[in-house]
Amino acid sequence: MRRGRSTKRASVHPPRCVLDSGGLTALVGGSQRAREWLRWVIEHDGAICVPTPILVESTTGDGARDAEVNRILGVLERAATVLQAPDEVTARRAGRLRYIAKTDDGIDALVAAAAVGDGSPAVLLTSDPDDLDRLLQHDRQVSVRPV
């Protein structure tokens, strides 16, 4: 028996990927970068999250106009858990992030708070990395990636 080494294994979290409206739109538009990230997450038994407030920015309520967004969401739902409504803890975390970053964008703050989640590592796919980087400036577990 070796001394000085822990016999416990480090806890390994499955990858998490959070999409904001730009990330979802990138998938609708066929972005190879977004598809590569999602493929990697799925291959590693990870989770994909689209916070439900993103539906506000990504849908119109017109079935024909929303068809492609709905198709992509359906594909994602078959691969992993997708739509996630913010609970009170997430909403309060979003309020704190929004306050600290001195921004008034509540939906971006909710996306950032969903990415922080349980504190495990996550990748956030967005077309607006500057705003999300500002919201997540104190969180090293979330990697903001432009698509």
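The values are calculated or read from the model by the stated rules, or taken from the named source; none is laboratory data. Being a predicted model, the structure only gives us computed values, none of them experimental. So basically every Cβ, Gly included, is an ideal-geometry build from the backbone, and we count neighbours across all protein chains shown. Surface areas here come from the heavy atoms of the whole protein model, side chains and all, with no ligands, DNA or RNA. Shrake-Rupley method; radii C 1.70, N 1.55, O 1.52, S 1.80 Å.
So, in the stretch 116-147, of the ones that are without any contact (Cβ under 8 Å) to a residue 12 or more places away in the chain and assigned to a helix (DSSP H, G or I), which residue ends up most open to solvent (accessible area, probe 1.4 Å)? Working first, answer last.
Filtering the stretch 116-147 for residues without any contact (Cβ under 8 Å) to a residue 12 or more places away in the chain gives 118, 130, 133, 140.
Pick out the ones that are also assigned to a helix (DSSP H, G or I) and you get 130, 133.
Details: ASP130: 114, ASP133: 75 Å².
Here the answer is ASP130.
So ILE48 clears everything in (1) outside any strand (DSSP E or B); (2) surrounded by 15 or more Cβ atoms within 10 Å (Cβ to Cβ); (3) in contact with a helix residue (DSSP H, G or I) (Cβ under 9 Å, 6 or more places away or on another chain) except one condition, right? Which one?
(1)
Checking ALA80 against (1) open to solvent by 20 Å² or more (accessible area, probe 1.4 Å); (2) more than 12 Å from the chain's Cα centre (by Cα); (3) in contact (Cβ under 8 Å) with a residue 12 or more places away in the chain: exactly one of these is not met. Which one?
(1)
Scan the stretch 20-33 residue by residue and report those that are in a helix (DSSP H, G or I), more than 12 Å from the chain's Cα centre (by Cα) and in contact (Cβ under 8 Å) with a residue 40 or more places away in the chain.
Taking the stretch 20-33 and keeping what is in a helix (DSSP H, G or I), we get 21-28, 32-33.
Keeping just the survivors that are more than 12 Å from the chain's Cα centre (by Cα) gives 25-28, 32-33.
Correct list: THR25, ALA26, LEU27, VAL28, ARG33.
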